[in-house]
Amino acid sequence: MAATVKPIARRKTTLKERLYFPSILHGMGITIRHFFRSLSGKAVTMQYPEERWEVKDNYRGAPVLVKDDEGRPKCVACSLCEYVCPPKAIYIVPGELAPGNVVERGPEVFNINMLRCIFCGLCEEACPEEAIFMSKEFELWGETRAELVYDKETLYALGGVRQDPIKKWSHK
Amino acid sequence: MTAPVVSLAVSLVDVLLIVGKVLLVAHVMLGLGAVLVWAERRVSAGMQDRVGPNRVGWFGLGQSIADLGKFIFKEDVVPGHVHKWMYILAPAITVVPALVTFAVIPYAPGMQIADLDVGLLFVLSIASLGVYGITLGGWASNSKYALLGGVRSSAQMISYEVVLGISTVGVLLSVGSLHLGDIVADQAASGWFLWRQPLAFFLFLTASYAETNRLPFDLPEAETELVAGYHTEYSSMKFALFFLGEYLAMIVSSSLVTTLFLGGWSAFGLERLHWAVGLLIFMAKTLFLLFVYIWIRWTLPRFRYDQLMNICWKWFFPLALGNVLLTAGAEALDLPVLMWVLPIVLVALGFAAAALAQKRDQGPPPELAAAPVGAPVPSSPR
């Protein structure tokens, strides 16, 4: 197969560029300008623990469990998130709730291993009860591996109450 | 010399004095090396719109100490495939010559550890021993990248050593002495060699960049090609010694450029006020040159190896020789202005050549221009 020729218009080198040394001086001018600009406090670096970035709304941080606006846990332990989770970071043991609750089912154990989690957000998409959400939490740390397996209480504490326009359990 | 019979105590005091001077200078220079590592990181960060290490201590100055702690406590790995004795010896050989050279640098009027009559010769010969450390390190590592780095270093050092030596001959012809103190005194009396030997200054500065393996001539390290070059197989304090050796060599060559071309401790007669003023002047000049080292490093990309050798042997070497001839002529005719002839001619020739080349390159290459779009590519002439 014959290749085809397509001439590309190149910018002509100027006399200054051909002389080479003026270009070196020019480059040194650029670096020293940036140096003094950074010295006067215009470096782009964010001094992290003191300065913090604004986390965007669509950020996928740690997955957390939420309660509805009346403080009722929304998860019904259907285990769809556990099933869809690609790295198998979620572990659920379903249990029966006491009579008087709006639903009969809830998680007895709900663990998310944050070391395994890949923050893909599939659990959030799979959840039929809108009970699990990707939060803005990005500072996940611990001194042991066990510390980073978040249990149900931790996940509800992180998630808090989520105001939801659809009051599913109020229109039964 | 005074009569040796006088007393043993006097000579003991002398010895202690010299030991004290040696310790002082060695510690100052090692400390300066550590500060330089910090400066390199801060300046490079600034040039890239970053901040750099600013957490440890005042303005991050403790960073080098923290790094040193890290280096000391790291495991000192000696890989199984190395030539053990040479491998261990190499980092020391890199550092020691750099430290020894500080002995003859005149920091202020009459302030130097050893007042050698052949000071310049001593500096040039000892400083070039540093390459043994690098070559040995690369060779003893018994790994291909390290060997390539070592071999490159030896070839580069030998080439640029020639230019370095010959470019100082102009200075020697003018002063008539190898004594570094004499050279500075001559400059204090009749002007810096920066103005009297402009071409030699340029050649010496560039060659000293190649001597210290700094960008744009850091071919022995060349991270993008050789992993880390000659110190690929080194870790812990041995690596730190190579690192320190590089920075000490920078300080040596900066102070040498200051001494030879920037008037050493002299500046507009200010040094006559007090010897401390001379010391400050010397320090200011050396620190500025060290800044230029860093500045150049973070501006220019690395040369290719053939370019490196071409520049040295086809340009710098003949120019250095020409400079020697011109100096001889200028000294014989007592016409110092003659020293500016070669640089000016070179600049003019450069302009002419560049202009001609630009004129020739107007329009696309003929074979491409002739070929209609869609025609097969003409075979490359290479």
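FYI, it's all coordinate maths here, none of it is from the lab. What you see is a predicted model, and the numbers here were worked out from it, not measured in a lab. A quick note on method: Cβ atoms are made from the backbone with ideal geometry, for glycine too, and the neighbour counts reach across all protein chains shown.
Greater than 32 Å separation of Cα atoms is the criterion. Which listed pairs, B:K21/B:K84; B:K21/B:K285; B:K144/B:K314, meet it?
Listed pairs above 32 Å: B:K21/B:K84.
By per-residue mean of other Cβ atoms within 10 Å, what is the highest-first order of A:65-74, A:135-144?
On the way: A:65-74: 17.3, A:135-144: 11.7.
Order by mean packing, descending: A:65-74, A:135-144.
Amide H neighbours of A:V161 under 5 Å, at least 5 residues apart or on other chains, H built in the peptide plane: list them.
Hits under the 5 Å cutoff: A:K67.
To the nearest Å, what is the center-to-center distance of the range A:117-172 and the range B:108-127, using C-alpha atoms only?
72 Å
First select every other residue whose beta carbon is under 12 angstrom from the beta carbon of B:D115; then total the charges, Lys and Arg +1, Asp and Glu -1.
Neighbourhood net charge equals -1.
Fewest first, what order do A:I32, B:I344 take by the number of other Cβ atoms within 10 Å?
Fewest-to-most Cβ neighbours within 10 Å comes out as B:I344, A:I32.
Could you line up B:H274, A:H34 from fewest to most neighbouring Cβ atoms inside 10 Å?
Starting with the residue having the fewest Cβ neighbours, the order is B:H274, A:H34.
Can you list which of the DSSP-assigned H helices in chain B have a Cα extent of 30 Å or more along the long axis and an average Kyte-Doolittle score of at least 0.0?
Long hydrophobic helices here: B:8-47, B:144-175, B:236-261, B:275-297.
Please enumerate, by chain and number, the aspartates and glutamates with C-alpha under 16 Å from the C-alpha of A:K16, excluding those fewer than 8 residues away in the same chain.
Leaving aside aspartates and glutamates fewer than 8 places away in the same chain, those within reach of A:K16 are B:D361.
Taking H placed 1.01 Å from N in the peptide plane, check which residues at least 5 places from B:T299 or on another chain put their amide H under 5 Å from its amide H.
For B:T299, no residues qualify.
If you fit an axis through the alpha-carbon atoms of helix A:21-37 and take the longest principal axis of the Cα set of chain A, what angle between them do you get, 0 to 90°, nearest 10?
The answer is roughly 40 degrees.
From the phi of every residue in the range A:54-59, what ³J(HN,Hα) in whole Hz does the Karplus formula 6.51 cos²θ - 1.76 cosθ + 1.60 yield, where θ is phi - 60° and glycine or proline is x?
7, 6, 6, 5, 8, 5
On a straight-distance basis, which lysines could pair with A:K74 in a cross-link, Cα separation under 16 angstrom, same-chain partners fewer than 8 positions away excluded?
Cα-Cα hits under 16 Å: A:K152, A:K167, A:K168, A:K172.
Over chain B, what portion of Cα pair distances is larger than 26 Å, expressed as a whole percent?
Everything past 26 Å amounts to 60 percent.
Can you give the direction-averaged projected area of the convex hull of the alpha-carbon atoms in the protein assembly as shown, in nm²?
43.0 nm²
With only Lys, Arg, Asp and Glu charged, each at its Cβ (+1 for the first two, -1 for the last two), find how big the charge dipole of the range A:63-170 is about the Cα centre; round to the nearest 20 debye.
Details: 12 positive and 18 negative charges, 28 e Å.
Around 140 debye, computed over the range A:63-170.
Per residue of the range B:299-312, what does 6.51 cos²θ - 1.76 cosθ + 1.60 with θ = phi - 60° give for ³J(HN,Hα)? Whole Hz please, x for Gly and Pro, Karplus curve as stated.
Values, residue by residue: 10, 9, x, 6, 6, 7, 5, 5, 4, 4, 6, 4, 4, 5 Hz.
Quick query: amide H of B:G57 versus all other amide H atoms, modeled in the peptide plane; which residues come in under 5 Å with a sequence gap of 5 or more or a different chain?
The list, which skips near neighbours in sequence, is B:G62.
Give me B:R297, A:R10, B:R152 ranked fewest to most by other Cβ atoms within 10 Å of their Cβ, as a rough exposure proxy. Kindly include the intermediate steps, with their values, before the conclusion.
On the way: B:R297 20, A:R10 8, B:R152 25.
Lowest count first: A:R10, B:R297, B:R152.
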